[in-house]
Each structure stands twice: as C-alpha cells, then as structure tokens.
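Values quoted throughout were computed directly from the atomic coordinates according to the rules given, and no laboratory measurement underlies them. What you are looking at is a predicted structure, and each value in this text was computed from that prediction instead of being measured. Don't worry about glycine lacking a Cβ; one is built from the backbone with ideal geometry, like all the others, and counts go over all protein chains shown.
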Amino acid sequence: MKASELKEWILDMLQDVNIEYDGKEGSICPFARDNISFMFDDETRDYKSLDDMMADPFIDGKPLNEICEKLVIY
C-alpha cells in the first residue's frame, strides 16, 4: 500500500489499522483527525495530525512515509 492510500484509509476513520513490520505488530487508532494514537512494538505515541504521524521516525527509526509499502496491513 502506498503512503497516500494509507493516509486516505486512516482519514476515513472507519476502523483501527493493524500493521506488521519486520515481525513486530502495531495499531493506528484514529479517534479524530487531530487525535491519532499509534502503538508499535509496546510503545505508544499520540499525534495531532496525520502528517506528523506519517513523518515521525517511529518504526525502527523510519517514518511510515518511507516504509509504507513494506508493511503488512490487516
């Protein structure tokens, strides 16, 4: 999935997005457009915008923008 597709899915706020990367699991919980919680490998971060979340090097020092196509999304 491309980064733009993931952003669209999150912005629709229909459900949590569960991911896997390099054998580790996580979840993106969009409570509102300015309240997104991202849990990955036993750590949680909260964001005020989707762009901030996508640019944060949270997953093994890499942002979602760069590794999105390597994620397993379910």
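Taking the range 15-74 as the range and being under 11 Å from the mean Cα position of the chain (by Cα) and closer than 15 Å to residue 2 by Cβ as the test, the residues that pass are 17, 19, 50, 54, 63, 64, 65, 67, 68, 71, 73.
Only one of the numbered conditions (1) touching a residue at least 60 places away in the same chain (Cβ under 8 Å); (2) of a type outside the set (Phe, Trp, Tyr); (3) surrounded by 12 or more Cβ atoms within 10 Å (Cβ to Cβ); (4) touching a Cys at 6+ places or on another chain (Cβ under 9 Å) is violated by residue 2, and that is (3). Taken over the range 21-31, the criterion of being surrounded by 14 or more Cβ atoms within 10 Å (Cβ to Cβ) and either touching a strand residue (DSSP E or B) at 6+ places or on another chain (Cβ under 6 Å) or more than 20 Å from residue 45 (Cα to Cα) (or both) is satisfied by 21, 26, 28, 29, 30.
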